[in-house]
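The structure appears right after this line, and notes come after that.
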Number of protein chains: 2
Amino acid sequence: MDLVLIAAPITGVIALIFAMYKAKYVEGANPGNDRMREIASYIEEGAMAFLKREYRAVAVFMAVFFVVLTFAIDWQTAVCFVIGGIFSLAAGFSGMKVATKANVRTANAAKEEGMTKALNIAFSGGSVMGMSVVGLGLLGIGALYIIFENASIVTGFSLGASSVALFARVGGGIYTKAADVGADLVGKVEAGIPEDDPRNPAVIADNVGDNVGDVAGMGADLFESYVGAIISAITLGLVAFGEAGVKYAFALSAVGIIASIIGVYFVRGDKDPQKALNNGTLVSSVITIIAAFVLSRVLLGSLRPFVSILSGLVVGLIIGRVTEYYTSADYKPVKKIAKESETGSSTNIIGGLSVGMMSTGIPIVIICIGIIVSFVALSGGLNGDIDITGGLYGIALAAVGMLSTTGMTIAVDAYGPISDNAGGIAEMCDLPEEVREVTDKLDAVGNTTAAVGKGFAIGSAALTALSLFSSYTQAVNLSGIELTKPTVIVGLFIGGVLPFIFSAMTMDAVGKAANDMIEEVRRQFREIPGIMEGKATPEYGTCVDISTKAALREMIVPGVMAVVVPLIVGLLLGAEALGGLLAGSLVTGVLMAIFMANSGGAWDNAKKYIEEGHHGGKGSEAHKAAVVGDTVGDPFKDTSGPSLNILIKLMTVVALTFAPLL
Amino acid sequence: MDLVLIAAPITGVIALIFAMYKAKYVEGANPGNDRMREIASYIEEGAMAFLKREYRAVAVFMAVFFVVLTFAIDWQTAVCFVIGGIFSLAAGFSGMKVATKANVRTANAAKEEGMTKALNIAFSGGSVMGMSVVGLGLLGIGALYIIFENASIVTGFSLGASSVALFARVGGGIYTKAADVGADLVGKVEAGIPEDDPRNPAVIADNVGDNVGDVAGMGADLFESYVGAIISAITLGLVAFGEAGVKYAFALSAVGIIASIIGVYFVRGDKDPQKALNNGTLVSSVITIIAAFVLSRVLLGSLRPFVSILSGLVVGLIIGRVTEYYTSADYKPVKKIAKESETGSSTNIIGGLSVGMMSTGIPIVIICIGIIVSFVALSGGLNGDIDITGGLYGIALAAVGMLSTTGMTIAVDAYGPISDNAGGIAEMCDLPEEVREVTDKLDAVGNTTAAVGKGFAIGSAALTALSLFSSYTQAVNLSGIELTKPTVIVGLFIGGVLPFIFSAMTMDAVGKAANDMIEEVRRQFREIPGIMEGKATPEYGTCVDISTKAALREMIVPGVMAVVVPLIVGLLLGAEALGGLLAGSLVTGVLMAIFMANSGGAWDNAKKYIEEGHHGGKGSEAHKAAVVGDTVGDPFKDTSGPSLNILIKLMTVVALTFAPLL
């Protein structure tokens, strides 16, 4: 047994131990007074209620798929599939469990000990999610690869991860926005009570949504990318470099975990939380880069693989910056939307749509450059007598490189919704103004990290799907995917249209679920006496229940579509047409995901910018127009956009797993 | 010299003679009283002013390109290019000239003679545009093919048509919406005067816009498709069937023209204009189908080519119906948006976006089925030992089939803006209520035909671009376009992102141009004394001038991008990557075009549906919300969406023309 291979699952275990240690730290903190603990317990219960029902749905889905896989492929792949699913669920469970404890403790720390401690708790909570994802991911793939010694069987693990991601990200995305929109429309607009007001029956569901969508959903999304990138790297590495190619991918992922753990210690709370978080990210990136350099020489005897890794890391960083540019109020695009809000909702909407569409340009060019560089680094060129498998391995390494510090990225990202929740609890418990100043500051930073995290999630989904696509072309043993053939063109068109249909469905789903919520909130306002005076407690549980049921109901059709359509096209029109489908959905999926995420982010921050007093400030006509954009942006950026990450990866993994049938 | 070949340009001449005859008929009608003639002359002058300035811009563009083509390719291609450009301009000129005469005469006929005569004049006006397009198109290609006996040289004609289409459709699209939005925002919203009020300085520009965008723009768009489809059919037909393949394409186009002329006589004005128009379309379709059947047997000795033709015709018809379903208030989608308007602008916007995205599904599936059927009809199968060139010829024939009755399609389509203008003139001249009832009825039918026409334009652009793409792959003599190569994937991504950038740019262009207009209208309201009391005439000319300048200025960057990016990618990354780019832009271009056109159409009709008294009717909260959606939809459906038709065709033609360099 090789030391490097064993090191991978062991590092996974180290990450999990670190996650437990951080979880203990969070739990050890003071959860505040009775009222705070009461509110927090509602949120925790709500989140767990969603998870429970999600588990039941996932269990049915996985049981069916387990049987199909056992008969259609083999039992080993089916077992890997189940383990992949369970590991993803476990990561989501622990991350969310701790997040729902960290929120109230962050609020209390803000009250009793100030910014430093509050940041510390919020970020520690986030790091549990981060470390659980990478720990379980690397442990799972590493151990299964050692056991089965077969990359194609381990692909089942990736399929399991993708299946859970579908439920967590799509279901979670519908949940969070149904609750958010429902709470806002009846609470803020109809009843005229502020956000996070405890009299609003949907307020708990709204806060649960932050955890369900932004913590667990994001975690499952990146778990899928992380796992998919490693698996395609070992699949292609084996062909290109033999066992050494596999080891390099594992070693690099292990190093990334250690680097992330070290990075966590550099997130030190001084006055500026953004700077603290940036420090941590910087440290883990630098360590990973140095290690990638050394490992490249030692394991593969060349610096070329390092170039591929580096290009992936750089692409990830640049996409993050570009996302910030298009969605932060510090730059021109958001300011332009804010200005356009002065002439009403329509110009605000057109402005936001146009910013989102425009924002696809640079990321795509950057991804293209990354593809070319990482490919050429190992192929030796673009045409003629080149090493194509080497080049494809290079692209997979770029994905691994981009995702190597995922532990840190998720920690930074999950910190956001925890702070957001902390602010909500502070509001609901009437904590003093200065407490909310601290949580607001944490939350504001969280908004930027969330936008950057979304960009990262899309970029990594693109690279992961692309390298899984390369693995697919290897797996079906095609002589090629010939774009001049009508079947491939048809595949390309059908693949291209799926993200549009999927987005339409998820947007409608939010609408329907929000409607259910609106009806229920209105009912409670009408039927519970004393609710508006704060004398009676609203029935938070029924609202939580409505979001949960609606989310899981509404995700069935798009979810089934994502699994079934590639199989139908593959069986009807052949493996080549399926290749076209995957390429088509990859391209439009990435474009639509960037478009929707950035339009949504830009609208959100344009509204906040106006609320800071620009263009007439709160209550002005410009503000009203900006609120419309913000509401349109909600399903864009938190439901439909992120769901596309799942769609493109899931379809590719399904194709890859079922490749032996084609 | 072959009789069938000569028949093509001769039929073109017949179409032109018929156009002249119809033009005379329109001119012979009574243009009404002094006031009507005055208003009409403003519109005519404004339209001609736009054309003049457009010609100057086109002249510069074509001079540069002529030199480039002469040196880079050969002088023959360059000459064909100039002729193609001039022919497209001539078609646009005559169509618009007559349209600006038909509008006032339609209004007067509605006043003096009623519906039958009014429909007759409006439709005759439209048929001049239709017959000019197909007449000049077939005359041009037919004559040039006879002269040069070389399909690849005649491609220059197509490039000329595409270049003019860029100016006419993109520039025209910006023009019409800048004027429309500008007129509405200051007139209706700020000053509170009704639509088409002569006190509004932008009102003439708005009416000019209907002609510039919806008559000339649409005409140039379909001229490009018509010409492109025939050229790729003769290119591929020559390879697949020799001279007989060329003849079949020409003969079919000639028959389509004759069928359209006959069809025109079946548009008889009884009480129901929609039915009259449908009759005409039906008659010309049936004649074409029968002729295609006979010609297929006679010229090619087989019914297989007929199947390809038929599939194209059917695809066109179904796309028209689907478009109607998603954009007409008679069906669920628009009713849903109207209902969602009750909860405000944001739900109206989300609803419209989601309907637009969803509406891409069926057309894409239909196009895919059409591709497969038309290919298999002539290839004999999808895999194995098949006749690939034959199959590609089949796809090109589908495009020719779909476009064979273009003369009729444009006539029906251009009838819409003429009726719209007639209504505007009736309003501005204070004609009696019953006159406006007639023009309103004509206009309402025009809205449906406009939506259907848009669907047809997109569908035909898709098939044309696809068959031009096939010609490209033949022309560069590639062994294939290998989707597993990173350069092709990069090409696919870059091609995919262009429609997003292009849409963002054209939307911004409308915004900027509308702003210029708003400033000017406000200035006139402020500075011209007595303007609001109707005592002073506004300076219509300056508004027309602003729209014109802005439109031509704002289209430069997107236009240059469309021409230059494919060349750069081709020269940098090779012919295969350029193939990827064309496929990528084809897929996302078609998707975005359908999405934007149908969202826009659905918002428009949702507003009208509410105005009819549903959900509170005019002035209700639902109506206000629906107005927002309608305004967002304006650049969607009339600028950005249709401009994408041009983008995908132009890039493919550029690639095809410059193929010898790659």
Simple spin-label estimate for residue B:325/residue B:572, 7 Å along Cα→Cβ, in nm, reads 4.2
Using only C-alpha positions, report the orientation-averaged shadow area of the convex hull of the stretch A:3-661, nm², one decimal.
26.0
Below 8 Å between Cα atoms, with a sequence gap of 6+, how large is the relative contact order for the stretch A:316-449 in percent?
16
Applying 1/(1 + (r/R0)^6) with R0 = 60 Å to the Cβ-Cβ distance of residue A:303 and residue B:265, what FRET efficiency is obtained, to the nearest 0.05?
0.20
Given the options B:60, B:376, B:445, identify the residue whose Cα lies farthest towards the positive end of the charge dipole of chain B (+1 on Cβ of Lys, Arg; -1 on Cβ of Asp, Glu).
B:376
In Å, what is the Rg of the alpha-carbon atoms in the stretch B:531-662, and how long is Dmax?
21.1, 65
From Cα pairs below 8 angstrom and at least 6 apart in sequence, can you work out the relative contact order of chain B, rounded to a whole percent?
22
For the protein assembly as shown, whose charge dipole is built from +1 on Lys and Arg Cβ atoms and -1 on Asp and Glu Cβ atoms, the candidate among A:208, B:23, A:536 with its Cα farthest towards the positive end is B:23
Decide, for the stretch A:259-408, between rounded, prolate and oblate: order the square roots of the alpha carbon gyration tensor eigenvalues as a ≥ b ≥ c, take rounded if a/c falls under 1.5, and otherwise choose prolate if a/b is larger than b/c, else oblate.
oblate
Given a 1.4 angstrom probe, I'd like the percentage of the accessible area of the stretch A:543-626 that is carbon and sulfur, rounded to a whole number.
63
Copy-to-copy label separations for residue A:20, where each label sits 7 Å from Cα toward Cβ, in nm and ascending:
9.4
Would you mind getting me the FRET efficiency between residue A:549 and residue A:527? Use the beta-carbon distance for r and R0 = 22 Å, nearest 0.05.
0.65
Ellipticity estimate at 222 nm from DSSP helix runs (n ≥ 4, -39,500 (n - 2.57)) divided over chain B, nearest 500:
-28500 deg cm²/dmol
Check: C-alpha center the stretch A:5-53 vs C-alpha center the stretch B:87-123, spacing in Å is 73
Rounded D (µm²/s) - the stretch A:158-215, Kirkwood Rh over Cα pairs, Stokes-Einstein at 37 °C, 0.692 mPa s:
274
Relative to the longest principal axis of chain A, what angle (0 to 90°, nearest 10) does the C-alpha long axis of helix A:433-475 take?
20
What pairs from A:607/B:637; A:177/B:339; A:454/A:512; A:649/B:335; B:97/B:275; A:52/A:607 go past 31 Å between their alpha carbons?
A:649/B:335; A:52/A:607
In nm, what does the list of distances from residue B:72 to its counterparts in the other copies look like, shortest first, when each label sits 7 Å along Cα to Cβ?
4.8
Hey, got the dipole for the stretch B:57-213? About the Cα centre, +1 on K and R Cβ, -1 on D and E Cβ, debye to the nearest 20?
240
Could you give the size of the charge dipole of the protein assembly as shown about its Cα centre, using +1 on the Cβ of each K and R and -1 on the Cβ of each D and E, expressed in debye and rounded to the nearest 20?
1700
Quick check: from the Cα gyration tensor, does the stretch B:129-183 come out rounded (a/c under 1.5), prolate or oblate?
oblate
Using alpha carbons only, how many angstrom separate the centre of the stretch A:126-140 from the centre of the stretch A:281-331?
20
As I understand it, the value is the acute angle between the Cα axis of helix A:151-165 and the longest principal axis of the Cα atoms of chain A; what does it come to in degrees, rounded to 10?
10
Taking the Cα-to-Cβ direction at residue A:661 and at residue B:146 and moving 7 Å from each Cα, how far apart do the two end points lie in nm?
5.9
Report, in degrees rounded to the nearest 10, the 0 to 90 angle that the Cα long axis of helix A:621-635 makes with the longest principal axis of chain A.
40
Tell me whether the protein assembly as shown comes out rounded, prolate or oblate; compute the Cα gyration tensor, take square roots of the eigenvalues as a ≥ b ≥ c, and use a/c under 1.5 as the rounded threshold.
oblate
Just to confirm the numbers: residue A:616, label point 7 angstrom along the Cα-Cβ line, distances to the other copies in nm, shortest first?
1.9
Zone residues, the stretch B:531-557, relative to residue B:197, backbone N less than 20 Å from point 7 Å out along Cα-to-Cβ
B:531-544
Theoretical FRET efficiency, 1/(1+(r/R0)^6), r = Cβ-Cβ of residue B:440 and residue B:290, R0 25 Å, to 0.05
0.10
Using 0.36 nm per residue of separation minus the Cα-Cα distance, give me the extension gain between residue B:239 and residue B:275 in nm, one decimal.
8.7 nm
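The values are calculated or read from the model by the stated rules, or taken from the named source; none is laboratory data. All of these numbers come straight from a predicted model, not from anything done at the bench. Don't worry about glycine lacking a Cβ; one is built from the backbone with ideal geometry, like all the others, and counts go over all protein chains shown. Side chains are part of the model used for accessible areas, which takes the heavy atoms of the whole protein and leaves out ligands, DNA and RNA. Shrake-Rupley method; radii C 1.70, N 1.55, O 1.52, S 1.80 Å.
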